[in-house]
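Student: Take this structure first; my questions come after.
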Amino acid sequence: MDISGCAREGASTPGIPTIGRKGLACYGPAGMSAPLWEVRVRALNKQKISLDHSTMVLIRRLLREGMRPYLGKVVMAVICMVVGAGANAGYALLMDPVVNKIFTERQSDFLWPLGLAVLGTFLVKSICNYGEAVYLSKVGLRVIADMQARLFGHLMRLDVAFFHANSTGRILSRLTNDISAMRFAVSDALTGAGKDASSLIFLVGAMFYQDWRLSAWTFFVFPIAILPIRKLGRRMRKVTDNTQEHMGQLTTSLEQAVQGIRVVKAYGMEEYEKARVHSLVELLQDLSYKAARVRSASSPIMEMLGGIAITVVILYGGSRVISGETTPGAFFSFITALMLAYRPLKSIASLNTNLQAGLAAAARTFSVLDAPPSIQDRPDAAELVVLEGNVRFEGVFFTYDGTKAVLDGIDLLVPGGKTVALVGPSGAGKTTVLNLLPRFYDVTDGKVLVDGQDIRTVTMASLRAKIALVSQEITLFDDTIRANIVYGRFGASDEEIEAAARAAAAHDFIVSLPQGYDTVVGERGLNLSGGQRQRLAIARAMLKNAPILLLDEATSALDTESERQVQTALELLMRGRTTIVIAHRLSTVVNADLIHVMDRGRVIESGDHNTLIARDGVYARLYAMQFVDDAATATSVS
């Protein structure tokens, strides 16, 4: 699709992708509009998560898994709630003697006692409110912190396939946005419900104590609010669910644009990226506005019902005072209790809409927590024992999607202590072989054996402890050089770290840096060159000192000088280890003990370099083609 001409629909200036009311409109050579991002926007609008958890199931699970460890603090908060609610109701009841004894009967003996009683009531209420807030804040924040740590811990146990199937933005949205939404559900909604409910119970009790007939007339209007409040709650969960999904998409788009900024600028796609992000920002704004409207809808409903209730009280209660059926003090006490009950009643009415936002996030969080890793240790898994380091693939079939076989009954031998190279065209299955050995994925059929032990029968910890990986895509963390080298073998001494760096030809450039081994490498190691990053990865593998080494295109992205230094370090690393090398550049594997040529998930040739050249088969043709290409490249450069 040609995006050379893009404009807001109806605009006259082509060439810039912008957002109209219908999305990003891009015009091809024939002038036909092709709204690229509009398609994605519509797909996102239709996307929904299946929420199998009912409201009560989610609430019970949050209480059971989150609050149970802090039951003592919850009990103290409940005690403060009950005492504070009782003090609130006591204040309303005190209005009866205040009006009757002081204002009506003018009895001065009651003035100080009643004043002190009102002051004491407010003092008790203030202390209880503080204690309740402190205890509930501690519990609520602690529950969320535990949930966030638990979710991240579970993510670390999930398979590589999970991270391939879910975008980084979506995963980060679970850890940040969803947890923040749950913070409200736990800290405010659930805990606030207890406070408002207890206050309401005591105040309604005071109202019925003063005048049960008037109370019955007052409360007949409130059941009418149940149906719209429930409907608002369902809409709130739906809107919140869509909002969090779009937030994950926005996070992914931002991350991709920032990480790929060189490509964005090289291809002049700044305006396109701006338009793409702008469309998601607009969608989130619309959803946030919908959420605000839904959240605000409960307030006018309760305001109207409250007005009706107060009107009933004034008309019916006032007529009873006039007729002498009740005293002015009892009437004012009732009015006070009703006014005080209005705030918690209104809070409870809006609670459902606010609670659903947190419960939608809780449902998504629990859906991740409930997803078990597909690759787990068997109950009887033993420790892997590596003596010779022989690796064998026997009749291995593998598919990523359940349909297309990436490995088609492959048989492959890697003798212990030898270097074996896997070569062949892209898509032949070479990287899949490397992914199966440390059990990033499990075979669909067949066996992978290490010294005769099926790797599915041993613990993953012992298996991965015996394997070191160096790949083309180097992962360095935004930490010091020392921390990146020691990653995977914490506790190593400074002498061991330096020895690994020297062996990887990295020590000299490390000590030349301003902070030496304490130099921070930056995000993804961007403060270092490609060759320096690669040598740190080799130093990390050196320090791990695993008997099995996996090299996945470890030098293909380097310049000639860096490749020479890294290749020298790799040769030292490979000595005495069972090594599997993937390389497109065949000149780097001519000294391998054994070369397996792969194509379409099968091994079609095996042997050392000289044997395969003499056979004049696929390997010989590939090598000849690369030799010609390298010679042509060298001639053009010279």
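The values are calculated or read from the model by the stated rules, or taken from the named source; none is laboratory data. Remember, predicted model here, so these are calculated numbers, not experimental data. As a convention, Cβ positions derive from the backbone with ideal geometry for all residues, glycine included, and neighbour counts pool all protein chains shown. Heads up: the accessible areas ignore ligands, DNA and RNA and are worked out on the full protein's heavy atoms, side chains in. Shrake-Rupley method; radii C 1.70, N 1.55, O 1.52, S 1.80 Å.
This table checks each residue for (1) in contact with a helix residue (DSSP H, G or I) (Cβ under 9 Å, 6 or more places away or on another chain); (2) open to solvent by less than 30 Å² (accessible area, probe 1.4 Å); (3) free of Cβ contacts under 8 Å to residues at least 60 places away in the same chain.
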site: VAL57; (1), (2), (3): no, no, yes
site: GLY66; (1), (2), (3): yes, yes, no
site: LYS73; (1), (2), (3): yes, no, no
site: CYS80; (1), (2), (3): yes, yes, yes
site: ALA87; (1), (2), (3): yes, yes, yes
site: ARG106; (1), (2), (3): no, no, yes
site: ASP109; (1), (2), (3): yes, no, yes
site: LYS125; (1), (2), (3): yes, no, yes
site: ASN129; (1), (2), (3): yes, no, yes
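Student: Quick check on this structure: which one of LEU476, LEU551, LEU528 is outside any helix (DSSP H, G or I), open to solvent by less than 20 Å² (accessible area, probe 1.4 Å) and more than 30 Å from VAL448 (Cβ to Cβ)?
Tutor: Working: LEU476 fails: more than 30 Å from VAL448 (Cβ to Cβ); LEU551 fails: more than 30 Å from VAL448 (Cβ to Cβ).
The match here is LEU528.
Student: So for segment 181-191 (the condition being buried (at least 18 other Cβ atoms within 10 Å of the Cβ) and either at pLDDT 85 or above or farther than 30 Å from ARG68 by Cβ (or both)), does at least one residue qualify?
Tutor: No, the conditions are met nowhere in segment 181-191.
Student: Please list, ordered by first then second residue, the pairs with beta carbon atoms under 9 Å, 6 or more apart or interchain, first in segment 457-481 and over 23 Å from GLU553 (Cα atoms), second basic (Lys, Arg).
Tutor: THR457/ARG378; VAL458/ARG378; THR459/ARG378; MET460/ARG439; ASP478/ARG524
Student: Here's a follow-up. Going by the structure shown, is GLU394 surrounded by fewer than 15 Cβ atoms within 10 Å (Cβ to Cβ) and either in a loop (DSSP other than H, G, I, E, B) or touching a Gly at 6+ places or on another chain (Cβ under 9 Å) (or both)?
Tutor: So GLU394 fails the test.
Student: Tally up the residues in segment 354-373 that are under 14 Å from the mean Cα position of the chain (by Cα) and not charged (D, E, K, R), please.
Tutor: Looking only at that region, the number is 9.
Student: Here's something else I'd like to know. Taking ARG439 and the conditions (1) open to solvent by 20 Å² or more (accessible area, probe 1.4 Å); (2) within 24 Å of HIS154 (Cα to Cα); (3) touching a strand residue (DSSP E or B) at 6+ places or on another chain (Cβ under 9 Å); (4) assigned to a loop (DSSP other than H, G, I, E, B), which numbered condition does it fall short on, given that it satisfies the others?
Tutor: Against the list (1) open to solvent by 20 Å² or more (accessible area, probe 1.4 Å); (2) within 24 Å of HIS154 (Cα to Cα); (3) touching a strand residue (DSSP E or B) at 6+ places or on another chain (Cβ under 9 Å); (4) assigned to a loop (DSSP other than H, G, I, E, B), ARG439 comes up short only on (1).
Student: Which one is modelled with the lowest pLDDT, of the residues in segment 483-498 that are closer than 20 Å to ALA465 by Cα and open to solvent by 50 Å² or more (accessible area, probe 1.4 Å)? Break it down stepwise before answering.
Tutor: First pass over segment 483-498, keeping only residues closer than 20 Å to ALA465 by Cα: 483-493, 496-497.
From what is left, the residues that are open to solvent by 50 Å² or more (accessible area, probe 1.4 Å) are 487-491, 496.
Numbers: TYR487: 86, GLY488: 75, ARG489: 81, PHE490: 80, GLY491: 81, GLU496: 89.
The residue in question is GLY488.
Student: Considering only residues of segment 572-592 that are under 20 Å from VAL386 (Cα atoms) and outside any strand (DSSP E or B), which is least open to solvent (accessible area, probe 1.4 Å)?
Tutor: Only one residue tops the list, namely LEU573.
Student: Take the residues in segment 353-379 that are closer than 30 Å to ALA546 by Cβ and touching a Ser or Thr at 6+ places or on another chain (Cβ under 8 Å), then tell me which one is most open to solvent (accessible area, probe 1.4 Å).
Tutor: Selected residue: ARG378.
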